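Undergrad: Starting off with a structure, shown below.
The values are calculated or read from the model by the stated rules, or taken from the named source; none is laboratory data. Owing to the predicted nature of the structure, the values given are computational and were not obtained by experimental measurement. Heads up, the Cβs are rebuilt from the backbone with ideal geometry, glycines too, and the neighbour counts pull from every protein chain shown.
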């Protein structure tokens, strides 16, 4: 999703679009009741959000109809999901954060980090993935880092090394 388009969607609408995207991927269409269950809100809230997404050309929707994605909605949803997955994977694989916390924190980060900064972060995570694959020593260094600052302090007798 282009930065301007992404910025035009509130965090809430991004969450609804992500839910629609997941449901459409799983069952070809999304129902208001399924979106409601996934996002954890009432059906009337979903209806308002879906209407807002439809007015932006991201979903097809009419009263008492299934919700489907437009081409623009499919692309925007795919980008949101991709960014979410990269953030979650970074938190879990690089920082050693538990999955449930990585899911929650990743969702908040996805909304807080915007545009070019998030694109650079995604590129950085992809670079880390390539580096890990190319250098077996990288994985060992990463495991040591995951043990946190306490592991580093223990190796230096509790003192920080001077740079």
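Undergrad: What is the residue count in segment 113-145 for residues that are modelled with pLDDT of 80 or more and not in a helix (DSSP H, G or I)?
TA: The total comes to 2.
Undergrad: Anything in segment 41-51 that is surrounded by fewer than 17 Cβ atoms within 10 Å (Cβ to Cβ) and either at pLDDT below 95 or touching a helix residue (DSSP H, G or I) at 6+ places or on another chain (Cβ under 7 Å) (or both)? List them, or say none.
TA: Result: 42, 43, 47.
Undergrad: Can you pull out every residue in segment 24-67 that is in a strand (DSSP E or B) and under 21 Å from the mean Cα position of the chain (by Cα)?
TA: 30, 59 - these are the residues of segment 24-67 that are in a strand (DSSP E or B) and under 21 Å from the mean Cα position of the chain (by Cα).
Undergrad: Another question about this same structure. Does residue 105 satisfy being touching a helix residue (DSSP H, G or I) at 6+ places or on another chain (Cβ under 7 Å), part of a helix (DSSP H, G or I), in contact (Cβ under 8 Å) with a residue 40 or more places away in the chain and surrounded by fewer than 18 Cβ atoms within 10 Å (Cβ to Cβ)?
TA: Here the answer is no, as residue 105 does not meet what is asked.
Undergrad: Any chance you could count how many residues in segment 52-67 are in contact with a helix residue (DSSP H, G or I) (Cβ under 7 Å, 6 or more places away or on another chain) and either farther than 20 Å from residue 79 by Cβ or surrounded by fewer than 14 Cβ atoms within 10 Å (Cβ to Cβ) (or both)?
TA: Of the residues in that region, 2 qualify.
Undergrad: Can you name the number of the only condition in (1) touching a helix residue (DSSP H, G or I) at 6+ places or on another chain (Cβ under 6 Å); (2) modelled with pLDDT of 95 or more; (3) within 27 Å of residue 118 (Cβ to Cβ) that residue 11 fails?
TA: Going through the list (1) touching a helix residue (DSSP H, G or I) at 6+ places or on another chain (Cβ under 6 Å); (2) modelled with pLDDT of 95 or more; (3) within 27 Å of residue 118 (Cβ to Cβ), residue 11 breaks only (2).
Undergrad: Looking at (1) in contact with a helix residue (DSSP H, G or I) (Cβ under 7 Å, 6 or more places away or on another chain); (2) part of a helix (DSSP H, G or I), which is the only condition residue 96 fails?
TA: In the conditions (1) in contact with a helix residue (DSSP H, G or I) (Cβ under 7 Å, 6 or more places away or on another chain); (2) part of a helix (DSSP H, G or I), residue 96 misses (2) alone.
Undergrad: Output the residues belonging to segment 31-66 that are in contact with a strand residue (DSSP E or B) (Cβ under 6 Å, 6 or more places away or on another chain) and under 16 Å from residue 12 (Cβ atoms).
TA: Matches in segment 31-66: 50, 53, 59.
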